[in-house]
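The structure under discussion appears below in the form of structure tokens.
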Amino acid sequence: MPLPLRVEVPSISGPRLNVVAIVILLAALGAGALMTTATGSPVPLVLMAAVGAIAMQSPRIAQQWERAIVLRLGRFIGLQGPGLFWIVPFVDTVSSWIDQRTITTSFAAEQTLTSDTVPVNVDAVLFWMVHDAQKAALEVQEYEQAVSWAAQTALRDIIGRTPLSDLLIGRERIDAELQQMIDHRSNPWGITVQSVEMRDVIIPSALQDAMSRQAQASREKQARIILGEAEVEIAKLFDEAAASYRENPTALHLRAMNILSEGLKEKGALMLVPSSALETMGLGGFLGAAALRQNKLATGTDEI
């Protein structure tokens, strides 16, 4: 049974404090303290502290890459940010902060069968961004998780209908197909997929050994084919040379004499030549004289 897929999604930021809210609270406390000092009663301090606590809920600050989803009594009223904006305490709420930077999400398919029934583990990374913050917040619940599951489903689907060889050598095509599939599913959510990259394809070790042996056998086969082609080329050249010598016996004799001369230059050299070749080329007397000469030089009995 296939193992569950791994998912990594961006973390969601917690409650926020901003300097404007703190300044408002401190100002309210300061004013309450002055009024308490003037009147001698703690009531102004308590009232101003309550007013400051309520008023500090109004200012919000969104970062340059963020958009805030503002709801009024549960109804969407607009996007806010970047920078400082104000809401009505207890009436307006910021339901979510949408990060519009490029986000990376890692996902993997473990023990997934290819179309030729080979179990593989595939790791991939998804680059995406929110282009419509309103749709991402209102059209889908937890859009980060939705994008991750869409990516995993598409990856499993492609692996299931792709043979192992194409999965190993056709990564660019598979990456493009993955991007198209995920983008088609997530685009209605206001999300654009920029690219998908498969980082690694892991196959069982036993299959790796078999593939290694297959590659070695393929290399040996190619080497034998190259050697055979070389033999064919050599045979063609010999055939052309034979045709040339057939038309010119003198050239053939000269070539044979040159070969014998080069071979007999080495001291103690031994050359075996078929007798039929000697008779054909008329080299019997020449070889006998050459051998007698070499024998006399070796024994020191050469006479002038």
Dipole magnitude of the stretch 123-200 about its Cα centre (Cβ charges: Lys, Arg +1; Asp, Glu -1), debye to nearest 20: 140 debye
Mean Cβ-within-10 Å packing, highest first, puts peptides 137-143, 229-235 in the order 137-143, 229-235
List 135, 236 from most exposed to least, where exposure is judged by having the fewest other Cβ atoms within 10 Å. 236, 135
Nearest 0.05, what FRET efficiency do residue 149 and residue 225 give at R0 = 45 Å with Cβ-Cβ as r? 0.35
For the stretch 41-73, listing trypsin sites (Lys or Arg not before Pro) in a DSSP loop whose Cβ sees at most 12 other Cβ atoms within 10 Å gives none
Roughly how many nanometres apart are two label points built 7 Å out from the Cα toward the Cβ at residue 63 and residue 38? 4.3 nm
With a Förster distance of 51 angstrom and the Cβ-Cβ distance between residue 166 and residue 77, calculated FRET efficiency to the nearest 0.05 equals 0.50
For the stretch 231-247, take each phi angle, set θ = phi - 60°, evaluate the Karplus expression 6.51 cos²θ - 1.76 cosθ + 1.60, and give the result in whole Hz per residue in order, putting x for glycine and proline. 4, 5, 5, 5, 4, 5, 5, 4, 5, 5, 5, 4, 5, 5, 6, 4, 7
Run the paramagnetic zone check for residue 101: 7 angstrom along Cα to Cβ, then residues of the stretch 126-152 with backbone nitrogen under 16 Å. 127-131
Per residue of the stretch 112-125, what does 6.51 cos²θ - 1.76 cosθ + 1.60 with θ = phi - 60° give for ³J(HN,Hα)? Whole Hz please, x for Gly and Pro, Karplus curve as stated. 9, 7, 7, 5, 9, 6, 10, x, 9, 10, 10, 9, 9, 10
Ranked 85, 238, criterion: other C-beta atoms within 10 Å, fewest first: 238, 85
In Hz, Karplus ³J(HN,Hα) per residue of the stretch 50-57 (6.51, -1.76, 1.60; θ = phi - 60°; x = Gly, Pro): 5, 4, x, 5, 6, 5, 6, 6
Applying a 10 Å radius around every beta-carbon, put 121-132, 184-195, 89-100 in order of their mean neighbour count, most first. 121-132, 184-195, 89-100
Using a basic spin-label model with each label point 7 Å from the Cα along Cα→Cβ, how many nm lie between residue 26 and residue 255? 10.5 nm
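Where a number appears in this text, it was derived from the coordinates with a stated rule and is not lab data. This is a predicted model, so every value here is computed, not measured. We place every Cβ from the backbone using ideal geometry, glycine too, and count neighbours over all the protein chains shown.
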